[in-house]
Amino acid sequence: MVGTEIESAVRNAAIELIEKSGLEPGSVVVVGCSTSEIAGQRIGTSSGPEIGSVVFNTLYEVFSEKNIFLAAQCCEHLNRAIIVERDASAGFKIVNAVPVPNAGGAFAAAAYSGFERPVALESIEADAGLDIGGTLIAMDLKRVAIPLRFEPVNVGKASVIAARTRPPLIGGVRAHYDEGLF
């Protein structure tokens with residue numbers, strides 16, 4: 001039953017992120033996920049491979065339907081490396097790391113196992129992101145990140161924070177901006 005509740009909450013969050021952020025095919029969404037926090041434990045203390053698989057499979061399905069790339073953030077034990085499909089790696093530095101539940105995190109390990117051609121990246125500049133459980137994804141978002149507020153606010157016991165990005169505004173008092181990019 002818990003798996004169904006987690007799947008439903010993750011699916012709703014992913015769909016709402018797509019709708020509210022204006023993501024287009026080819027966009028990248030970075031996701032940080034603490035399976036420990038989802039289970040009601042302190043981050044990094046109770047890695048849950050089953051939860052990681054449910055979260056990954058749900059996100060991968062939702063984003064793949066829209067031709068959006070999923071980027072799975074590893075935990076600090078792998079320096080927050082990013083796991084992506086090789087097709088999403090262009091322009092980013094590939095590193096050699098294979099996440100496992102206690103070094104990289106259960107979610108990133110599920111991504112590495114679930115992607116067809118996974119690679120680890122040192123970092124990425126994603127168009128939007130989901131932070132499930134306070135994993136700190138901002139370092140992997142493009143400038144400028146804009147917080148999004150929506151339901152659900154939790155996956156299991158973990159809070160969810162979402163963000164989209166927009167190009168930085170330049171200029172001064174005389175500058176005009178393309179409102180479509182906000």
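Conditions (1) modelled with pLDDT of 95 or more; (2) buried (at least 16 other Cβ atoms within 10 Å of the Cβ); (3) over 15 Å from the mean Cα position of the chain (by Cα); (4) more than 14 Å from residue 73 (Cβ to Cβ), marked per residue:
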residue: 108; (1), (2), (3), (4): yes, yes, no, no
residue: 117; (1), (2), (3), (4): yes, no, yes, yes
residue: 121; (1), (2), (3), (4): yes, yes, no, no
residue: 126; (1), (2), (3), (4): yes, yes, no, no
residue: 131; (1), (2), (3), (4): yes, yes, no, no
residue: 138; (1), (2), (3), (4): no, no, no, no
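Here residue 49 meets each of (1) under 15 Å from residue 74 (Cβ atoms); (2) over 15 Å from the mean Cα position of the chain (by Cα); (3) buried (at least 22 other Cβ atoms within 10 Å of the Cβ) with one exception, condition (3).
On the basis of being under 12 Å from residue 132 (Cβ atoms), surrounded by 17 or more Cβ atoms within 10 Å (Cβ to Cβ) and in contact with a Phe, Trp or Tyr (Cβ under 7 Å, 6 or more places away or on another chain), does residue 9 make the cut? No: the conditions fail for residue 9. Of everything in the stretch 66-90, what is assigned to a loop (DSSP other than H, G, I, E, B) and either under 15 Å from the mean Cα position of the chain (by Cα) or closer than 23 Å to residue 22 by Cα (or both)? Give them in sequence order. Within the stretch 66-90, 66, 67, 68, 74, 75, 80, 81, 89, 90 qualify. Counting only residues that are farther than 24 Å from residue 96 by Cβ and not acidic (Asp, Glu), how many does the stretch 106-128 have? Of the residues in the stretch 106-128, 1 are farther than 24 Å from residue 96 by Cβ and not acidic (Asp, Glu).
Filtering 17, 23 for residues that are of a type outside the set (Lys, Arg), at pLDDT 95 or above and assigned to a loop (DSSP other than H, G, I, E, B) leaves a single hit, 23.
The values are calculated or read from the model by the stated rules, or taken from the named source; none is laboratory data. Keep in mind that what you see is a predicted model, and the values were worked out from it rather than measured. A quick note on method: Cβ atoms are made from the backbone with ideal geometry, for glycine too, and the neighbour counts reach across all protein chains shown.
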